[in-house]
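Single-structure report; data block below.
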Amino acid sequence: MKRFDYKAKEKDSGKMVKGSIQAETEQVAGHLLIEQGYIPESIIEEGSGLFGKKSRVTTKDRITFTRQLATLIGAGLPLATSLRTVAEQTQSKGMKAVVEEILTSVESGKSLHEAFAQHSDIFNGVYLALIQAGETSGTLDLALKRLADQEEKDAAMMSKIRGALVYPGIILVVIIAVLAFMMIMVVPQVRSLYEDMNQELPGMTQFLVGITDFFASFWWLVLMIVIGAGFGIYFAVKRTKAGRQAMDSFKIHVPIFGGLFRKLYVSRFARTCEMMLATGVPMLDSVKISIGAVNNVIVEEEYNKALEIIKSGKPLSESLKEREYMLPLVPQMASIGEESGKIDEMLGKAAQVYENELDEQINAISTMIEPILMVIMAGLIGVVIGGTLLPIYSLVNSVGT
């Protein structure tokens, strides 16, 4: 089912109206509009305009939709009515289109899981598995609530990690701006002054002059290299397996941030597994889906070894022991859960511990980075000042004598 934007006139009043309609083809959309009392002026498939751009569905849109749908279903409204109500309330054009397509699929007889699966680019494997489990067990509202809660936690955690990198980014921009100003405005003046006085430039100043001349002559080359390297890294990471592996390996081994990412992946695995088991998904499927939710191919390859052990009949706690990138609390809590019959609850507690540690570690890193960057900034600016102001003082002293 495709979606079309249309412009049409009302047959009776001649008033021009705009809107969107779902249909298999453009011709079918035209027939539907005529049946509704409109004279079509233009019918364009969404995404077929300039650059083929479609309305984007953000994480916030998905969380809001999930929370609203859980509330309406929990209040006892029929599924179709709940979807229709959410579609009317949502402010996101992209999310509204997706919800209307899901509604159409549900009204045509498909299950909610099948309707969601048609939009796998928006709803990942964890989402689809919980929807299917919720439908099967009759706890769809609880499954949706768990999904909304988890996505909010994930979004908040990633926001904190990005926030920890914002301040260093600002400092780096300031450092680059100050250095660029000194190199462009001050260094040439010092060179001119020494040339007028027929004096030889000091070694450090000659070094800075060389850098300034290079960037003045080949700035276009530097710009092309930087842009090319940026695009090359982006496409390598997004489009090639080797590039993705290299980036994911870098994340878990980079100093300072490597430990943070490891805790993020462990907590994500434990939290997802908790949700799956609590919703009634079988153990093997829960672990498999939870591994996919980690979103790091290096860690996933290691965790898949645990999955093979589970297939051989061993418990989860034993399969997770001595796994690289798996922190010790998770198998310990899983063992307690297996003995008490509350494995989902124990995994949730392990996830909470690591989530709390992540919060503390992010705050500590933010506090630690500030003085480090200040020292780097002072050192770089000191080099520039040493190559510009000190030669001027030396020249003045030599003239004075």
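Key figures
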| quantity | calculated |
| --- | --- |
| Summed side-chain charge close to L327 - residues other than L327 whose Cβ falls under 9 Å, Lys, Arg +1, Asp, Glu -1 | +2 |
| Rg/Rh (Cα only; Kirkwood hydrodynamic radius) as it applies to the stretch 199-343 | 1.29 |
| Peptides 60-71, 218-229, 299-310, 158-169 ordered by average Cβ neighbours within 10 Å, highest first | 60-71, 299-310, 158-169, 218-229 |
| The chain, helix-only ellipticity at 222 nm - DSSP H runs n ≥ 4, -39,500 (n - 2.57), divided by all residues, nearest 500 | -25000 deg cm²/dmol |
| Listed residues L284, G232, N198: farthest to the positive end of the dipole of the chain (Cβ charges) | G232 |
| Under 14 Å, Cβ to Cβ, from G125 - net charge with Lys/Arg +1 and Asp/Glu -1 | -2 |
| Net charge of Cβ neighbours under 12 Å - reference K110; Lys, Arg +1; Asp, Glu -1 | -4 |
| Sorted by Cβ neighbour density within 10 Å, fewest at the top, the residues I44, I102 | I44, I102 |
| Whether the stretch 139-203 is rounded, prolate or oblate, judged on the alpha carbon gyration tensor where a/c under 1.5 counts as rounded | prolate |
| Alpha-carbon centroid distance for the pair the stretch 297-317 / the stretch 360-384, whole angstrom | 40 Å |
| Burial ordering of D196, D149, fewest other beta-carbon atoms within 10 Å first | D196, D149 |
| Between the stretch 175-227 and the stretch 242-274, the Cα center-to-center distance that results, in Å | 41 Å |
| Among (1) 29.8, 99; (2) 36.4, 135; (3) 19.9, 59, the entry that matches Rg and Dmax of the Cα atoms in Å as calculated here | (1) |
| The chain, relative contact order in percent, only Cα pairs under 8 angstrom and at least six apart counted | 13 percent |
| Test item: Cα-centred dipole of the stretch 160-268, Lys/Arg +1 and Asp/Glu -1 on Cβ, debye | 1360 debye |
| Debye, to nearest 20: dipole size of the stretch 285-385, +1 on Lys, Arg Cβ, -1 on Asp, Glu Cβ | 160 debye |
| Whole-number percent relative contact order across the stretch 59-123, with pairs defined as alpha carbons under 8 Å at least 6 apart | 24 percent |
| Kyte-Doolittle at least 1.0, axis length at least 20 Å by Cα - qualifying DSSP helices, the chain | 203-239 |
| q = 0.09, 0.19, 0.20 Å⁻¹: log10 I(q)/I(0) that the Debye formula gives for the stretch 276-388, counting C-alpha atoms only | -0.39, -1.01, -1.09 |
| Estimated dipole of the stretch 142-401 in Debye, rounded to 20 [Cβ of Lys and Arg +1, of Asp and Glu -1, Cα centre] | 540 debye |
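Values in this text are rule-based calculations from the coordinates and carry no lab data. Owing to the predicted nature of the structure, the values given are computational and were not obtained by experimental measurement. A quick note on method: Cβ atoms are made from the backbone with ideal geometry, for glycine too, and the neighbour counts reach across all protein chains shown.
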